[in-house]
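Novice: Mind having a look at this structure? Questions to follow.
The values are calculated or read from the model by the stated rules, or taken from the named source; none is laboratory data. These numbers come from a predicted model, not from an experiment. In this analysis, Cβ positions are derived from the backbone assuming ideal geometry, glycine residues included, and neighbour counts consider all displayed protein chains.
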Amino acid sequence: MAVDPKALFEQGVVAIREEKDLGKGRDLLLRSLRADPRNEQAWLWLSRTTSDTAKRMQCLEKALSLNPDNLQTRQAIDKLKATLNPAPAVMSAAVAIPAAAVEAAPRSEPEMPAETALPQPEAAPKRRKADPGRIDQLMSRAQAYLDKEDIDNALEHWLRVLEIQSDHEMALRYAVKYLTKQKMSEDAFDLLKHAIDEGTQNPAIFLTAIELGRRLQQDAAVDVLREKLAALPTADEAVVAQTIDSYIERDLFTQALDLLQKAVEAHPKSQKLAIRLARLYDQMERRPEATEWYERVVRLGARTPEGKQADKRLSEFTPQVTDQERGSVVLALREALGIGAFILVLAWLDAGLNFANMGPARWLGVLAGLVGAYLLVTATSSPQQKPLAGWLGGQVPPEPEPFKDEFNNLVTPESSKIPILGTAARAGLGLVAVILLGASLWLVFRHTVEVATNPNPTPFYVPTFNEMFGIE
């Protein structure tokens with residue numbers, strides 16, 4: 001069934017003006033412009049569907065090129081110029097120029113983009129000032145030649161358009177298509193690279209250049225294009241993911257990691273790219289970096305599918321002790337203080353709940369208990385304290401054996417770079433610790449022990465009720 005561009009335009013206006021549905025209105029207007037790209041009013045209404053100043057400017061400029069005498073359009077452009085960046089970004093293309101189009105047979109009608117590749121305002125190259133009127137004239141002549149199947153003259157006019165605007169999407173699409181068909185793929189590749197060198201922000205051009213470069217086996221140039229595409233602010237997440245996957249499929253994890261890092265810098269709020277980076281670190285067994293990026297995904301939104309996946313993965317990670325923690329004397333003392341505090345309480349109870357009655361023996365017992373506790377912690381849970389382990393002849397432990405986690409991924413545990421006490425040294429420290437703790441308990445709890453072990457203890461005197469209340 002034929003598309004009625006006028007009906008689509010009217011429906012789009014209704015969606016924007018009456019239904020307040022900008023997304024629906026934009027879709028209808030773009031479908032209308034596919035069939036009738038010279039509808040000035042459609043471009044004007046399309047400019048109302050975006051809050052992006054650069055994109056709005058492009059829509060208005062397209063409308064002005066169709067009707068240079070429209071004073072209201074000129075005024076709207078002047079108003080936006082104050083806030084527009086010097087080099088506005090082009091509307092991002094959803095997909096690349098179809099690869100199949102490169103080798104498709106010529107047709108009498110212009111080939112439409114894929115369904116998601118909607119018509120877009122052309123971006124002005126950085127080094128040349130585009131002349132919309134001249135471009136439209138050349139494109140019309142090229143279309144006339146194409147209708148007559150005069151490919152050579154049509155190609156000449158498309159190339160003249162590209163001399164004015166190197167990344168004109170329609171001219172570039174047809175030029176690449178027919179150059180490739182005429183076995184001039186290298187010339188087509190040069191056209192695409194020239195548009196990229198001129199500063200195009202259209203991801204479709206990058207993807208087409210990458211595909212054509214692969215066919216020409218220009219691997220080095222293709223890798224450079226992939227790096228540029230990954231860092232392109234206008235490239236959507238699907239495009240970047242496709243680029244990253246091309247490296248992962250070839251087990252080029254380092255290159256994939258480099259591209260992902262550039263991509264997340266260009267898209268700092270993208271959860272999809274952040275979780276891909278976290279998974280890649282996870283796959284490369286770089287657990288600390290993976291944890292950091294999983295946590296970043298959760299901070300970007302814990303209720304999204306990506307946030308839930310990241311949160312689940314974080315809960316499955318087992319805490320890893322770092323060399324800084326293993327070698328910390330402070331952490332060992334903190335554990336020992338818990339035992340020392342318990343011994344101090346025992347001494348206080350033995351002294352009748354009065355610190356003044358503790359005496360030198362009990363205080364000596366508390367000190368012995370604290371030292372014994374520290375030696376016990378050193379011998380059992382903290383045998384890598386710096387520099388104690390080195391002083392007592394400790395050696396750096398061997399590399400741990402890798403193992404498979406619950407996801408059947410091979411995991412290499414983090415290795416330690418600091419010495420650890422040998423078995424004999426730990427056994428000796430443990431023996432000394434037991435002796436000191438035993439002596440400590442005897443010193444701080446001696447009175448209570450004597451009372452408990454006395455076969456003839458002094459009987460307790462229980463006062464009568466009258467004695468308790470002073471009643472005679």
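Novice: Assigned to a helix (DSSP H, G or I) and either in contact with a Lys or Arg (Cβ under 6 Å, 6 or more places away or on another chain) or modelled with pLDDT of 90 or more (or both), is that true of Leu346?
Specialist: no
Novice: Now for a separate question. Here is a check on your reading of the model: is Gln309 outside the structural domain of Leu436 (by TED's automatic domain parsing), over 30 Å from Leu441 (Cα atoms), touching a Ser or Thr at 6+ places or on another chain (Cβ under 7 Å) and polar (S, T, N, Q)?
Specialist: On the way: outside the structural domain of Leu436 (by TED's automatic domain parsing): yes; over 30 Å from Leu441 (Cα atoms): yes; touching a Ser or Thr at 6+ places or on another chain (Cβ under 7 Å): no; polar (S, T, N, Q): yes.
Judged against the criteria, Gln309 is not a match.
Novice: Is it the case that some residue within region 121-129 is aliphatic (A, V, I, L, M) and either in the same structural domain as Arg56 (by TED's automatic domain parsing) or at pLDDT 60 or above (or both)?
Specialist: no
Novice: Show me the helices (runs of 4 or more DSSP H) found entirely inside region 167-218 where at least 2 residues are acidic (Asp, Glu).
Specialist: Of the helices (runs of 4 or more DSSP H) lying wholly inside region 167-218, those with at least 2 residues that are acidic (Asp, Glu) span 185-197.
Novice: Is region 49-71 home to any residue that is more than 24 Å from Gln201 (Cβ to Cβ), in a helix (DSSP H, G or I) and among the acidic types (Asp, Glu)?
Specialist: no
Novice: Still on this model: Consider Ala256 carefully, then state whether it is under 27 Å from Ile135 (Cα atoms), in the same structural domain as Ala290 (by TED's automatic domain parsing), outside any loop (DSSP other than H, G, I, E, B) and hydrophobic (A, V, I, L, M, F, W, C).
Specialist: No, not satisfied.
Novice: In this structure, does Thr234 turn out to be at pLDDT below 85 and not in a helix (DSSP H, G or I)?
Specialist: yes
Novice: Could you tell me whether region 461-472 includes any residue that is surrounded by fewer than 14 Cβ atoms within 10 Å (Cβ to Cβ), part of a loop (DSSP other than H, G, I, E, B), modelled with pLDDT of 65 or more and of a type in the set (A, V, I, L, M)?
Specialist: Checking region 461-472: at least one residue is surrounded by fewer than 14 Cβ atoms within 10 Å (Cβ to Cβ), part of a loop (DSSP other than H, G, I, E, B), modelled with pLDDT of 65 or more and of a type in the set (A, V, I, L, M).
Novice: Hey, among Gln201, Gln261, Gln218, which residue is polar (S, T, N, Q) and more than 30 Å from Ile151 (Cβ to Cβ)?
Specialist: Testing whether each residue is polar (S, T, N, Q) and more than 30 Å from Ile151 (Cβ to Cβ) leaves just Gln261.
Novice: For region 349-378, give me the residue count where each residue is within 12 Å of Ala433 (Cα to Cα) and either assigned to a loop (DSSP other than H, G, I, E, B) or of a type in the set (Ser, Thr, Tyr) (or both).
Specialist: Total satisfying the criteria: 2.
Novice: Related question: Can you name every residue in region 349-403 that is farther than 14 Å from Leu443 by Cβ, among the charged types (D, E, K, R) and surrounded by 13 or more Cβ atoms within 10 Å (Cβ to Cβ)? Explain how you work it out, then say what you get.
Specialist: Pass one, region 349-403, residues farther than 14 Å from Leu443 by Cβ: 352-357, 373-403.
From what's left, among the charged types (D, E, K, R): 386, 399, 401.
Residue satisfying the conditions is Lys386 alone.
Novice: Could you list all residues from region 270-312 that are polar (S, T, N, Q), over 22 Å from Gln255 (Cα atoms) and not in a loop (DSSP other than H, G, I, E, B)?
Specialist: Residue satisfying the conditions is Gln309 alone.
Novice: Something else about it: Please verify whether region 396-417 includes one or more residues that are closer than 30 Å to Gln283 by Cβ, modelled with pLDDT of 75 or more and touching a helix residue (DSSP H, G or I) at 6+ places or on another chain (Cβ under 8 Å).
Specialist: Within region 396-417 (the criterion being closer than 30 Å to Gln283 by Cβ, modelled with pLDDT of 75 or more and touching a helix residue (DSSP H, G or I) at 6+ places or on another chain (Cβ under 8 Å)), the answer is yes, since at least one residue qualifies.
Novice: Still on this model: Quickly run through region 1-18 and pick out the residues that are at pLDDT below 85, surrounded by 14 or more Cβ atoms within 10 Å (Cβ to Cβ) and farther than 16 Å from Pro37 by Cβ.
Specialist: Ile16
Novice: Still on this structure, please answer the following. Does Ala263 satisfy the condition of being buried (at least 24 other Cβ atoms within 10 Å of the Cβ) and of a type in the set (A, V, I, L, M)?
Specialist: yes
Novice: Check Arg173, Arg141 and return the single one that is at pLDDT 85 or above and within 28 Å of Leu28 (Cα to Cα).
Specialist: Arg173 is the lone residue from the list that is at pLDDT 85 or above and within 28 Å of Leu28 (Cα to Cα).
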